[in-house]
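Below you'll find the structure, written out as structure tokens, and then a few comments.
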Amino acid sequence: MRWLELRVPPLAVLVICGLLVFALRRLFPEEGVFIPFRRPIYWTLLGLGIVAGAAGVLQFRRAGTTKNPLTPEAASALVTGGIYRFTRNPMYLGMALILLAVAVFFSNPLGLAGVALFVVWITVFQIGPEERALEKKFGEAFLRYKERVRPWL
């Protein structure tokens, strides 16, 4: 399955998984549950997702390195400051939080399958290959960073 690595843009994976969350809500409306404070939880998760993703993009922009997730070998800098002190993948974390917000909005626990699918896909087919490319390019500096900071949270 290595042929799938770095082939599907993460934004496309987000949209596909979001459609899955929506489809599960439509197919199984009786599975909906009451979530106390659903709207504040939704807005909080959505906001955190947007902030995490935007902070990651901003740090890449400041470092002048590529933001294209399909070409990690084109990275010109190892970004370890800002939000990257807390997570190695703030853009993917942001996407996962946005997807979780959508699942909360629809109040259907089956929607968590879309979130899980996103996390697994991104971990296997995106993060793994990205990190191999970064290790090859930045060597010991990346390995030290990888020891200090978790991939998600």
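Read-outs throughout are calculated quantities, based only on the coordinates presented, and are distinct from any laboratory measurement. Values in this document were obtained by computation on a predicted structure and should not be read as measured data. So basically every Cβ, Gly included, is an ideal-geometry build from the backbone, and we count neighbours across all protein chains shown.
The table below gives the values:
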read-out	value
Mean Kyte hydropathy of 0.5 or more with a Cα span along the axis of at least 18 Å, helices from DSSP in the chain	10-27, 38-63, 90-106
Rounded Å value of the spacing that divides the Cα centres of segment 33-55 and segment 68-123	14
Per-selection metrics, the chain (Cα): Rg and Dmax in Å	16.5, 52
Sorted peptide list for 56-64, 15-23, criterion being average Cβ within 10 angstrom, highest first	15-23, 56-64
Cross-link partners of K67 among aspartates and glutamates (Cα-Cα below 18 Å; sequence separation of 8 or more within a chain)	E5, E130, E131, E135
Burial ranking of peptide ranges 92-104, 35-47 (average Cβ count within 10 Å, highest at the top)	92-104, 35-47
FRET efficiency estimate (nearest 0.05) - Cβ-Cβ, L143 to A113, R0 30 angstrom	0.30
Sum of -39500 (n - 2.57) over DSSP H runs of 4+, divided by residues of the chain (222 nm, nearest 500)	-19500 deg cm²/dmol
